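Participant: What follows is a structure written as structure tokens; I'll ask about it next.
The values are calculated or read from the model by the stated rules, or taken from the named source; none is laboratory data. Just so it is clear, the structure is predicted and the values come from calculations on it, not from any experiment. Note: ideal-geometry Cβ built from the backbone for every residue, glycine included; neighbour counts use all protein chains shown.
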Amino acid sequence: MDLRMKKKLILFDVDGTLVDSYPYYEKIMLAALPKFGVNPSQAQLSRAFTMTAKQEVEYFKIPVGRLDEWFAEYDAIAQKVELQPEAYPGVDRMFDHLLAAPDVKLGIVTSRTTADAQENLQSFWWFQKMSLIVTSSDTKHPKPSAEPLQFALNTLGYQAEDAFYIGDADTDESSAIKAKVAFGGALWGTGTRDNFKSEPLLLDSPEDVIMIV
């Protein structure tokens, strides 16, 4: 990407990119899945972490007839987990800068549902400052489809070349490639260089995002 072409719309994934939610997620899943006959590996948990709730139950083959039981169990365990997700170091400072930048809009594109995002992300001050929140509830096909990013572009009236999407997973990267949106791989959270199949701009810290605007 030519960094001289400043972007007008910066979109972010949430989990593993802005919020350190994997330890919280892992603790819940390790407690819930064995009750449904599943003993997940670390690789499976890492893969499922990038998924929507619907993709997740299909991935772990939770029986359709037990889905209500699964979601009730997940919620019950989540309420008891003392460990709570926090923003990664530098994220608040990054948003302080980006929100002050003229002619730049910010948004979130996440695999969470709208209800989940509204309930669990409101405590982050920057969440309420976003111009748009796109969740898996907004499109028929979630990431890695192009639809979530296309939905964001269409809603805010931008072209693909105006935007930049930042995420930690290959599903984020695939969504960006399909939508023809420039992509940056976030390496400060759960993202690693091995996560990405193309050669995206790699961002070592939230402060690196500032150079895009």
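Participant: Taking the options 138, 116, 75, name whichever one is under 14 Å from the mean Cα position of the chain (by Cα) and not in a strand (DSSP E or B).
Facilitator: Details: 138 fails: under 14 Å from the mean Cα position of the chain (by Cα); 75 fails: under 14 Å from the mean Cα position of the chain (by Cα).
The conditions single out 116.
Participant: Okay, moving on. Any idea which of 117, 182 is closer than 23 Å to residue 85 by Cβ, in contact (Cβ under 8 Å) with a residue 24 or more places away in the chain and among the aliphatic types (A, V, I, L, M)?
Facilitator: Selected residue: 117, the only one of 117, 182 that is closer than 23 Å to residue 85 by Cβ, in contact (Cβ under 8 Å) with a residue 24 or more places away in the chain and among the aliphatic types (A, V, I, L, M).
Participant: Which count do you get for residues in segment 41-58 that are assigned to a helix (DSSP H, G or I) and loosely packed, with under 14 Cβ neighbours inside 10 Å? Step through it out loud before you land on a result.
Facilitator: The first filter runs over segment 41-58 and keeps only residues assigned to a helix (DSSP H, G or I), leaving 42-48, 53-58.
Among the residues that remain, those that are also loosely packed, with under 14 Cβ neighbours inside 10 Å are: 42-43, 54, 58.
Of the residues in that region, 4 qualify.
Here's the yes/no breakdown for (1) of a type in the set (A, V, I, L, M); (2) buried (at least 19 other Cβ atoms within 10 Å of the Cβ); (3) not assigned by TED's automatic domain parsing to the domain that holds residue 162:
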{"residue": "173", "(1), (2), (3)": "no, yes, no"}
{"residue": "181", "(1), (2), (3)": "yes, yes, no"}
{"residue": "187", "(1), (2), (3)": "yes, no, no"}
{"residue": "192", "(1), (2), (3)": "no, no, no"}
{"residue": "196", "(1), (2), (3)": "no, yes, no"}
{"residue": "199", "(1), (2), (3)": "no, no, no"}
{"residue": "205", "(1), (2), (3)": "no, no, no"}
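Participant: Moving on. Kindly evaluate residue 38 against the criterion of being without any contact (Cβ under 8 Å) to a residue 60 or more places away in the chain and not in a helix (DSSP H, G or I). Steps first, please.
Facilitator: Working: without any contact (Cβ under 8 Å) to a residue 60 or more places away in the chain: yes; not in a helix (DSSP H, G or I): yes.
Against the criterion (without any contact (Cβ under 8 Å) to a residue 60 or more places away in the chain and not in a helix (DSSP H, G or I)), residue 38 qualifies.
Participant: Can you confirm whether segment 153-163 contains a residue that is of a type in the set (Val, Ile, Thr), modelled with pLDDT of 95 or more and crowded, with 22+ Cβ neighbours inside 10 Å? If you could, list the steps in order and put the result at the bottom.
Facilitator: Looking only at segment 153-163, we keep the residues that are of a type in the set (Val, Ile, Thr), and these are 155.
Those left that are additionally modelled with pLDDT of 95 or more: 155.
Checking the rest, the ones that are also crowded, with 22+ Cβ neighbours inside 10 Å come to none.
Taking every residue of segment 153-163 in turn, none turns out to be of a type in the set (Val, Ile, Thr), modelled with pLDDT of 95 or more and crowded, with 22+ Cβ neighbours inside 10 Å.
Participant: Moving on to the next point. Just to check your reading of the model, which residue among 145, 111 is of a type in the set (Gly, Ala, Ser), out of contact with any Asp or Glu (no Cβ under 7 Å at 6 or more places or on another chain), crowded, with 19+ Cβ neighbours inside 10 Å and part of a loop (DSSP other than H, G, I, E, B)?
Facilitator: Working: 145 fails: crowded, with 19+ Cβ neighbours inside 10 Å.
Among 145, 111, only 111 is of a type in the set (Gly, Ala, Ser), out of contact with any Asp or Glu (no Cβ under 7 Å at 6 or more places or on another chain), crowded, with 19+ Cβ neighbours inside 10 Å and part of a loop (DSSP other than H, G, I, E, B).
Participant: Follow-up. Within segment 183-207, take every residue that is outside any loop (DSSP other than H, G, I, E, B) and within 16 Å of the chain's Cα centre (by Cα) and give me the one that is farthest from residue 22 (Cα to Cα). Before the answer, list the steps.
Facilitator: Quick first cut of segment 183-207, residues outside any loop (DSSP other than H, G, I, E, B) only: 183-186, 193-195, 201-203, 206-207.
With the extra rule that they be within 16 Å of the chain's Cα centre (by Cα), the set shrinks to 183-186, 195, 203, 206.
Values: 183: 22, 184: 20, 185: 17, 186: 15, 195: 16, 203: 19, 206: 18 Å.
Filtering first and then ranking leaves 183.
Participant: Continuing with the same structure: Against the condition part of a helix (DSSP H, G or I) and either under 18 Å from residue 207 (Cα atoms) or of a type in the set (Asp, Glu) (or both), how does residue 94 come out, does it pass? First the steps, then the outcome.
Facilitator: On the way: part of a helix (DSSP H, G or I): yes; either under 18 Å from residue 207 (Cα atoms) or of a type in the set (Asp, Glu) (or both): yes.
In short, yes.
Participant: Restricting the search to segment 84-93, which residues are touching a helix residue (DSSP H, G or I) at 6+ places or on another chain (Cβ under 6 Å) and either surrounded by 17 or more Cβ atoms within 10 Å (Cβ to Cβ) or not assigned by TED's automatic domain parsing to the domain that holds residue 186 (or both)? Show your work before the answer.
Facilitator: Going through segment 84-93, the residues touching a helix residue (DSSP H, G or I) at 6+ places or on another chain (Cβ under 6 Å) turn out to be 85, 90-91.
Of everything in segment 84-93, those that are touching a helix residue (DSSP H, G or I) at 6+ places or on another chain (Cβ under 6 Å) and either surrounded by 17 or more Cβ atoms within 10 Å (Cβ to Cβ) or not assigned by TED's automatic domain parsing to the domain that holds residue 186 (or both) turn out to be 85, 91.
Participant: Take segment 148-172 and flag every residue that is outside any helix (DSSP H, G or I) and small (Gly, Ala, Ser).
Facilitator: Start the filter on segment 148-172 by keeping residues that are outside any helix (DSSP H, G or I), which leaves 157-159, 163-169.
157, 163, 167, 169 - these are the residues of segment 148-172 that are outside any helix (DSSP H, G or I) and small (Gly, Ala, Ser).
Participant: Okay, moving on. Among all residue pairs at least 6 apart or on different chains, which show Cβ distances below 6 Å where the first residue, located in segment 54-68, is under 13 Å from residue 37 (Cα atoms) and at pLDDT 95 or above and the second is of a type in the set (Phe, Trp, Tyr) and not in a loop (DSSP other than H, G, I, E, B)?
Facilitator: 62/36; 62/70
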